Structure formats: C-alpha cells, structure tokens
Amino acid sequence: QLQNKILILTICAAGIGGTFQYGYNISIINAPASYIQTFMNTTWLERTGVPLESNVILLLWSFTVSAYPLGGLTGAVVAGPMAIMLGRKMSLLLNNVFVIIAASLSGFSRMAKSFEMIMLSRFFTGVNAGVSMNIQPMYLAESAPKKLRGAVALTSASFTALGLVLGQVVGLRELLGREESWPFLLASNVVPALIQLTALPWFPESPRYLLIDRGDKESCISALQKLRGTSDLSAELEEMLAEQAAVKGQRAKNPWELFQNRSLRWQLVSIVVLSSAMQLCGNDSMYFYAAYVFQEAGIPQDKIPYVVIGTGSCELITSVTCNMIIDYAGRRPLLLGGYIFMAGWAIVFMVALSQQTQISWMPYLSMACIFAYILSFGIGPAGVTGVLPTEVFDQMSRPAAYMICGSLLWFNLFLVGTAFPFIVKSLAHFCYIPFLVVCVCTALYVGFFLPETKGKSFLEISEEFKKRNFKTKTRSGFYKGPEEIKTTTL
C-alpha cells in the first residue's frame with residue numbers, strides 16, 4: 001500500500017539524520033581514543049617543545065568526551081523553540097548544519113594541527129544529537145495513525161541502536177579504525193546528514209503541527225492524505241479539531257510554566273522519573289565494563305572489538321522487537337518488565353564480578369549478564385521513554401516537555417560518565433548498587449502510578465491525567481489496573 005510506504009520512508013528519512021546520529025557519534029569516538037591522545041601530545045610538543053604529562057592528556061581527553069553531552073544539553077534546550085517556530089520537519093533539516101560544521105572541524109583537525117577543533121567538533125555533534133533526540137519522536141508520533149503511534153515513535157530508539165552498531169563496525173581496523181584514518185572516521189557523520197537533506201524535503205510536515213500550531217487546515221489535510229492515502233480521514237481530522245478546540249487561545253508553554261501548572265503535575269513527575277532513570281540505570285556503564293569482562297573470559301585482545309559489536313547488536317535486535325510488540329503489549333508492561341529484569345541482572349552481575357578470580361566459569365556468567373542487561377534495557381526503557389512525552393502532553397506543552405526530558409537525559413549522561421570511574425574505585429565489584437536502586441525505584445513508580453496510553457487518543461490521555469491531578473482521594477486510588485496504563489522509555 002502506497003500510504004504505508006510513504007509513512008515508512010518518512011520514518012527512514014527522519015531517522016537517518018536524527019537519532020541515528022546520536023548512537024553513531026557515541027560509538028565512533030571509542031576506536032580512535034589512543035590515536036587522538038597521541039595526536040594531542042605530538043601537537044603540543046610541536047607548539048611548545050615540551051611533551052604533555054599523562055594526567056594532562058587524560059584531562060584533555062575527558063574534556064573532548066564531555067563536550068558531547070554538553071552539546072546535547074544545549075541542543076535539548078534549543079529544540080523546543082525550534083520545533084515551535086520552524087516546525088518539526090524544518091528543524092530536523094536545519095539541524096544537519098551542526099553536523100556539517102562538526103565534520104569539517106574534525107576532518108581538517110590533523111591538517112590544521114589543532115586538537116581544539118576536535119573538542120569543538122564534538123560539541124556541535126552533541127547539539128545535533130540533542131535537537132534530534134527531542135524533535136524526531138515528536139515529529140513521528142504526531143504524523144502516525146493512533147494504532148501505530150507507539151511503534152512509529154519507537155523507531156527513534158531503533159535508529160539510535162543502528163547508529164551504535166554501525167559506529168562500532170566503521171571503527172574496526174579493517175575500515176576506518178587505523179591510525180591514519182581517524183579524521184575520516186570522525187567526519188563520516190556527514191554522510192547521514194547529507195542523506196537526510198536529500199530525502200526529508202520530499203515528505204510532509206507533522207499534520208498536527210500544521211493544524212493546531214499553524215491553524216492551516218488545508219495543509220494538514222494535504223499532509224494527512226500523503227501519509228494515509230485515500231482512506232477515510234474524517235475520524236482522525238475530527239479528533240485533531242477537538243484537540244485544536246481544547247487548546248484554543250493558548251500559546252506554546254515554556255518549561256518553567258509546566259512546573260507551575262497543577263494540571264500537568266503527574267505527567268511531569270512521570271517524564272522526570274523515566275528520563276532520569278534511562279541514563280541512571282547503568283546501561284551505558286555496561287559498555288564500559290564489556291572489554292574488561294570479555295578479556296577475563298579469555299577472548300583474545302584483538303577479537304574484543306568484534307564481540308563488543310555483539311552488545312550493540314543486542315540493543316538493536318531488542319529495540320526492533322519492542323517496536324513490533326509495543327502496540328500489542330502496551331507501554332507499561334514493557335517498562336515494568338525491563339526495569340525488573342535489569343534489577344535482577346544487576347545483582348547477578350555484582351556476584352559474578354566479585355567471584356571472577358575464584359571460580360573459573362564466572363567470567364562467562366559476567367559476559368551473559370552484560371548481554372542480558374542490555375537486552376532488558378532495549379526491550380522496554382530504551383524505546384518507551386522517548387514516546388511518553390508525546391503521548392502525555394498536549395500540543396502546547398509538548399515541546400517544553402521534550403526540553404525538560406532532553407536536558408535531564410544529557411545532564412544525567414554527563415553525571416554518570418563523570419561519576420562512574422569514582423563509583424568503581426570506591427565500591428569495586430559492588431559498583432552496580434546505585435543502578436540497582438534506580439531500577440527498583442523506577443519499577444515501583446511505573447507499577448503504582450503510570451497509566452497505559454496504548455490505543456488512546458491524546459485527548460483521552462489528557463482526561464486520564466486530569467482525574468489524577470485533581471484527585472483528593474487516598475493514595476490507593478492511583479493504581480487503576482492493567483486496562484489503563486502508560487509508559488515510555490528512551
């Protein structure tokens with residue numbers, strides 16, 4: 001069916017230059033780490049005649065790595081105003097400018113003998129990822145039909161995982177992982193940007209944005225016809241017009257206004273809890289441990305990069321699986337199951353690490369835990385978290401909600417990245433205790449307070465939360481049973 005093809009192609013065009021870049025840019029920096037540090041030292045030696053001390057090189061490298069989440073935080077903050085003023089599609093297209101600047105900086109850094117260009121390049125790459133992580137799920141969820149909304153918005157997580165795996169593959173020695181190739185490896189993120197700039201202009205803007213934000217009914221109907229084909233649009237249009245009437249006379253809200261608005265209290269608490277948990281659950285730290293655990297399991301040093309690709313592939317497989325089942329299983333069970341399993345695997349992982357040297361088969365158990373933990377994260381939290389702000393906020397609050405979500409996500413990524421080495425140092429084998437606490441608390445929150453959003457219109461979801469926000473009954477009134485549940489995790 002042609003209309004399905006248009007929707008699928010829209011998803012691909014938005015994804016390749018969107019969240020794909022987030023995953024890709026996280027993983028391409030790992031392969032050339034030692035080469036870039038050598039380049040920093042050589043450059044400094046040429047400039048001053050004095051080599052850098054090892055702790056200064058480490059400090060410069062940590063600045064380079066932390067420039068990415070700092071850029072992401074900046075991107076998350078500008079994404080809201082961009083989505084309101086320029087529209088969802090135009091924001092995604094303009095966002096590629098940041099990657100083109102970043103690729104130029106890193107591509108020419110060796111020629112210019114400047115490691116500062118690499119730091120600046122990582123900052124701009126972060127800005128691009130920050131914008132796309134907020135706007136892509138919003139654009140896709142607003143363009144999708146109600147029954148496919150979860151699956152379509154969740155493709156953002158699949159593109160992130162795909163980017164992660166391709167970044168690991170391109171960073172192999174056989175491709176761009178050799179010492180002489182690292183500027184090309186860092187600049188290779190310009191390719192997805194050029195693909196998006198070529199493809200996305202052919203597809204329609206978000207129909208909801210056109211009708212509710214712009215008040216342009218003609219363009220909205222035209223966009224809907226492109227996305228849905230000739231099928232009857234009256235019911236969907238009626239639902240959008242009802243939502244337009246509900247927010248009539250309102251302007252797009254600022255993030256601080258959400259905190260002051262009592263009618264958005266539970267929606268806000270939900271996205272704050274889930275966005276924070278997504279980075280504080282320790283999934284990214286598993287990648288930190290992967291190489292060490294695989295080495296202990298007896299895998300030869302030169303084969304480890306190939307096994308690490310397996311961990312990225314795990315996340316890709318589960319996010320695609322989650323994509324297929326989210327509109328059948330619902331958001332809440334996937335989130336709840338994901339965090340419960342992660343809590344269980346965290347305990348097994350800590351036990352396995354503590355017995356690593358005593359029992360011969362323990363490294364294999366640690367290895368299994370790494371894969372199981374990443375699989376549990378991919379099946380629920382990884383994808384559902386990103387869908388949630390679109391579903392639980394109305395059109396006027398949505399960009400501000402994504403700004404809050406994105407800011408939390410990047411701040412916590414920076415926090416975990418900075419704190420994790422110190423946690424490992426102080427807690428040794430029990431370094432997963434903080435992550436275990438986060439997983440248990442999040443599972444409890446989802447179990448007791450989060451309603452289901454599967455198959456409901458945006459207005460029905462708003463009504464659902466209105467009941468909670470203005471309820472004066474006892475706490476036992478919150479849990480309504482499995483028929484109304486909501487969940488999303490990035």
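The values are calculated or read from the model by the stated rules, or taken from the named source; none is laboratory data. All values reported here derive from a predicted model rather than from experimental measurement. Cβ coordinates were reconstructed from backbone atoms using ideal geometry, including for glycine residues, and neighbour counts include every protein chain displayed. These area figures cover heavy atoms from the full protein model, side chains too; ligands, DNA and RNA do not enter into them. Shrake-Rupley method; radii C 1.70, N 1.55, O 1.52, S 1.80 Å.
Entry comment: accessible area of the chain is 41 Å² per residue, from protein heavy atoms only and a probe of 1.4 Å.
With no solvent and one equal point scatterer placed on each C-alpha of the range 72-138, evaluate the Debye formula and give log10 I(q)/I(0) for q = 0.28 Å⁻¹, two decimals. At q = 0.28 Å⁻¹ the computed log10 ratios are -1.08.
Near residue 206, the amide H atoms lying under 5 Å from its own belong to 88, 89; only residues 5 or more places off or on other chains count, and H is placed 1.01 Å from N.
Counting charges near residue 137 (Lys, Arg +1; Asp, Glu -1) among other residues having Cβ under 12 Å from its Cβ returns a value of +1. With r as the distance between the Cβ atoms of residue 241 and residue 348 and R0 = 60 Å, compute the FRET efficiency 1/(1 + (r/R0)^6) and round to 0.05. Once rounded, the FRET efficiency stands at 0.70.
Computed from the Cα positions only, the extents of the chain along the three principal axes stand at 69, 50, 44 Å, in decreasing order.
Let a ≥ b ≥ c be the square roots of the eigenvalues of the Cα gyration tensor of the range 277-355; is it rounded (a/c under 1.5), or, if not, prolate (a/b larger than b/c) or oblate? Since a/c reaches 1.5 but b/c is at least a/b, the shape of the range 277-355 is classed as oblate. Size descriptors for the range 257-470 (Cα atoms only): Rg and Dmax, in that order, 18.6, 60 Å.
Taking the inverse of the mean 1/r over every pair of distinct Cα atoms in the range 1-203 gives a Kirkwood hydrodynamic radius of 17.5 Å. Please state the shape class of the range 133-221: rounded when a/c is under 1.5, otherwise prolate if a/b exceeds b/c and oblate if not, all from the C-alpha gyration tensor. Since a/c reaches 1.5 and a/b is larger than b/c, the shape of the range 133-221 is classed as prolate. The alpha carbons of the range 185-280 stretch over 47, 43, 22 Å along the principal axes, in descending order. Relative contact order for the chain: 22 percent, from Cα pairs under 8 Å spaced at least 6 residues apart, divided by residue count.
Along the range 388-395 the Karplus relation, 6.51 cos²θ - 1.76 cosθ + 1.60 evaluated at θ = phi - 60°, assigns HN-Hα couplings of 4, x, 5, 7, 9, 10, 7, 4 Hz to successive residues, with x for each Gly and Pro. Over the range 1-203, Cα pairs under 8 Å with separation of 6+ residues give a relative contact order of 40 percent.
Each Lys and Arg Cβ is given +1 and each Asp and Glu Cβ -1; about its Cα centre, the chain then shows a dipole of about 920 debye.
Just add up the charged neighbours of residue 31: K/R +1, D/E -1, any other residue whose Cβ is under 14 Å from the Cβ of residue 31. Surrounding charge for residue 31 is -2.
With an a/c value of 1.5 or above and a/b not larger than b/c for the gyration tensor axes a ≥ b ≥ c computed over the alpha-carbon atoms, the range 126-166 is described as oblate.
What's the longest uninterrupted piece of the chain once you rule out the trypsin sites (Lys or Arg not before Pro) that are loop residues per DSSP with at most 16 other Cβ within 10 Å?
With a cap of 16 other Cβ atoms within 10 Å, the longest stretch comes to 252-470.
Throw me the Rg/Rh for the range 429-469, computed over C-alpha atoms with Kirkwood Rh, two decimals.
Reported Rg/Rh, Kirkwood definition of Rh: 1.24.
Quick one: of 5/248; 303/425; 248/454; 5/147, which pairs are farther than 22 Å apart, Cα to Cα? Beyond 22 Å between Cα atoms: 5/248; 303/425; 248/454. Exposed loop sites were defined as GluC sites (Glu not before Pro) in DSSP loop states (anything but H, G, I, E or B) carrying at most 13 other C-beta atoms within 10 Å; in the chain the longest segment without such a site runs 175-482. Heavy-atom surface analysis with a 1.4 Å probe gives the chain a carbon and sulfur content of 69 percent of its accessible area. Ellipticity at 222 nm from helices only: DSSP H runs of n ≥ 4 in the chain, each -39500 (n - 2.57), divided by the residue count, give -24500 deg cm²/dmol. Whole-Hz Karplus values for the range 195-201 come out as 4, 5, 5, 7, 8, 4, x Hz, taken residue by residue from phi with 6.51 cos²θ - 1.76 cosθ + 1.60 and θ = phi - 60°; glycine and proline positions read x. What's the whole-number percent of alpha carbon pairs in the range 254-305 lying beyond 15 angstrom? Summing the P(r) tail past 15 Å for the range 254-305 gives 64 percent.
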